Amino acid sequence: MRTLLAALTLTALASPALAHFQEILPSADVLPEGGKVTVELVFTHPMERGPTMDMVKPVRVGAVTDKGVEDLTAALVEAPVDGKAAWRFERDIAAPGAEVLFVEPKPYWEPAENKYIVHYAKVVVDGFASGEGWDRLAGLPVEIAPLVRPTGLWTGNLFRGVVLQDGQPVPGAEIEVEWVNDGSVTPPNEAFITQVIKADDMGVFSYAMPRAGWWGFAALVDGPAATSPDGKPAATELGALMWVKATDMGGQ
Ligand SMILES: [Cu+2]
């Protein structure tokens with residue numbers, strides 16, 4: 001009985017509640033002719049294809065271009081997923097150059113972990129396949145600085161980045177990695193759902209993407225102490241998320 005209880009407790013602790021990911025997924029990573037890109041914002045568990053969490057309207061969405069940071073919050077449209085609040089915006093990329101699209105969500109209260117979760121998430125969309133401007137930072141409190149151009153990547157490529165907090169590298173930062181499952185992969189067990197990496201002494205991490213599709217890199221760091229909705233001491237998890245697409249060689 002004690003063993004069973006322990007197993008149940010472990011199951012509860014290891015539940016999918018541990019790997020929330022704030023998605024910001026564009027309809028393409030490269031727009032060879034420029035034009036419109038649709039960007040979907042969902043707070044979910046990508047490898048397990050849910051459950052989706054309610055995402056209240058973000059504090060801010062924006063684009064970083066050669067002209068600086070442009071606020072796109074007014075373009076947000078509600079677009080529910082699985083009955084949960086989620087968001088979408090359209091962006092017209094009229095000039096050559098990469099745009100770093102980002103979201104600053106409202107803190108999400110997770111009672112199972114007694115903490116608020118704030119996942120600052122970003123993705124790069126390259127207009128006219130320019131190859132320019134992909135390493136501009138959005139200036140988020142926590143952010144992944146890519147060391148590899150994050151657009152036009154093949155399946156199997158190594159993605160590398162630096163985890164930054166307040167602009168400084170975070171040695172030993174922990175990075176969770178998930179693939180946006182299209183339903184074609186069933187993880188053999190829980191260990192395969194979320195891949196885990198530790199950054200080195202310079203905050204640098206790398207990961208070889210084994211399958212085509214969108215990959216989410218979530219560097220998680222401790223944020224400020226907080227107070228739970230019922231007035232008790234609680235923690236804050238800050239996430240620096242970056243989404244990167246891998247494309248299979250041949251066959252397109
Ligand atoms: Cu979760």
Got a sec to turn the phi values of region 32-42 into Karplus ³J(HN,Hα) couplings, 6.51 cos²θ - 1.76 cosθ + 1.60 with θ = phi - 60°, whole Hz, x for Gly and Pro? x, 10, x, x, 8, 10, 9, 10, 9, 10, 9
Tell me, what ³J(HN,Hα) does each residue in region 228-245 have, in order and in whole Hz, if you take phi through Karplus 6.51 cos²θ - 1.76 cosθ + 1.60 with θ = phi - 60° and put x for Gly and Pro? 5, x, 9, x, 9, x, 9, 10, 10, 9, 9, x, 9, 10, 9, 10, 9, 9
Given 25 °C and 0.890 mPa s, compute D for region 109-231 with the Stokes-Einstein relation, Rh being the Kirkwood radius over Cα pairs; round to the nearest whole µm²/s. 152 µm²/s
Taking the Cα centroid of region 167-192 and of region 39-102, what is the distance between the two, rounded to the nearest whole Å? 20 Å
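Please go through the residue pairs Lys122/Lys232; Lys36/Lys115; Lys67/Lys115; Lys198/Lys245; Lys36/Lys198 and name each one whose alpha carbons sit more than 29 Å apart in this structure.
Listed pairs above 29 Å: Lys122/Lys232; Lys36/Lys115; Lys67/Lys115; Lys36/Lys198.
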With runs of 4+ DSSP H residues as the only contributors, calculate the mean residue ellipticity of the chain at 222 nm using -39,500 (n - 2.57) per run, divided by the residue total and rounded to the nearest 500. -1500 deg cm²/dmol
Please sort 164-171, 37-44 by packing, taking for each peptide the average over its residues of neighbouring beta carbons within 10 angstrom, highest first. 37-44, 164-171
Under 5 Å between amide H atoms, partner at least 5 residues away or on a different chain: which partners does Ala28 have, H built in plane at 1.01 Å? Thr38
Checking the cross-link filter: which aspartates and glutamates have an alpha carbon closer than 13 Å to that of Lys84, excluding same-chain neighbours under 8 positions apart? Asp54
Binning at 10 Å from 0, report for region 173-252 what percent of all alpha-carbon pair distances ends up in each bin. 15, 37, 28, 16, 3, 1
When the convex hull of its Cα atoms is projected in every direction, mean area for region 2-247 (nm²): 14.3 nm²
Within 10 Å of each candidate Cβ there may be at most 16 other Cβ atoms; applying that plus a DSSP loop requirement, which GluC sites (Glu not before Pro) in region 129-201 survive? Glu132
Whose amide H sits under 5 Å from the amide H of Ala121, counting only residues 5 or more places off or on another chain, with H placed in the peptide plane? Val103, Leu241
First check a/c for region 19-116, with a ≥ b ≥ c the square roots of the eigenvalues of its C-alpha gyration tensor; if it is under 1.5, answer rounded, and if not, answer prolate when a/b is larger than b/c or oblate otherwise. prolate
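No value in this document is a laboratory result; all are computed from the given coordinates. Note that this is a predicted model, so its numbers are computed, not measured. Note: ideal-geometry Cβ built from the backbone for every residue, glycine included; neighbour counts use all protein chains shown.
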